[in-house]
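Comments concern the structure below.
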Amino acid sequence: MLTFAAVPIYNIFCKVTGYGGTVRQVQTGSIKKGTRKLTIRFDANIAPDLPWSFKPKQPQVSITTGENNLIFYTSKNLSSKNIIGTAVYNVTPMKAGIYFNKIHCFCFEEQMLPPGEEVLMPVAFFIDPEFDNDPEMSDVDTITLSYSFFKVRELE
């Protein structure tokens, strides 16, 4: 009876809890600095029907838990039409998802690119310093943030 609501409810649950490698969306940056050093890698994927280029400005960064970070992806519309796209994301290893907090991300909204336009797409994030105290994270020194962009629609 309520199966139509299952996917949106599950997506909200994952975003709030970090379940399944989904990161958390937060309103403010971290105020507490941790001590663990981590490598954050960035991955970019595009659906076959989306004529865009999409890639991280840098393949990885070295960070400390609790440190507020700002990175960028670049995206360019390679077509002759206005196109709206949307990005979905996750992190691996999935167990680190509950500690990955996004303050701002291009992925929170649909993106419209006119023909030939290239834009920088920001991601502001931090790894919760509680990561340092979780014995389940003792084997994690690299986290990969992965995005997949999909076409929503073309505009006339």
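Output ³J(HN,Hα) for the range 33-50: one whole-Hz value per residue in order, computed from phi by the Karplus curve 6.51 cos²θ - 1.76 cosθ + 1.60 with θ = phi - 60°, and x for Gly and Pro.
Once rounded to whole Hz, the list reads 9, x, 10, 6, 8, 9, 9, 10, 9, 10, 10, 9, 9, 10, 5, x, 8, 9.
With label points built 7 Å along Cα→Cβ from the Cα atoms of Asp139 and Lys32, find their separation and express it in nm.
2.6
So for the range 34-156, if I pair up every lysine 8 or more residues apart or on another chain, how many of those pairs have alpha-carbons under 17 Å apart?
Counting lysine pairs in the range 34-156 gives 5.
Between Asn69 and Lys57, what is the label-point separation in nm under the 7 Å Cα-to-beta-carbon projection?
Those two pseudo-labels are separated by 1.4 nm.
To one decimal place, what Kirkwood hydrodynamic radius in Å is obtained for the range 77-124 from all pairs of distinct Cα atoms?
With all distinct Cα pairs of the range 77-124 included, I get 12.6 Å.
Applying a 10 Å radius around every beta-carbon, put 43-50, 106-113 in order of their mean neighbour count, most first.
106-113, 43-50
Computed from the coordinates by the stated procedures, all read-outs in this text should not be read as laboratory data. In this text, all values refer to a predicted model and were calculated from it rather than measured experimentally. Glycine gets a Cβ as well: all are built from the backbone with ideal geometry, and neighbour counts include every protein chain shown.
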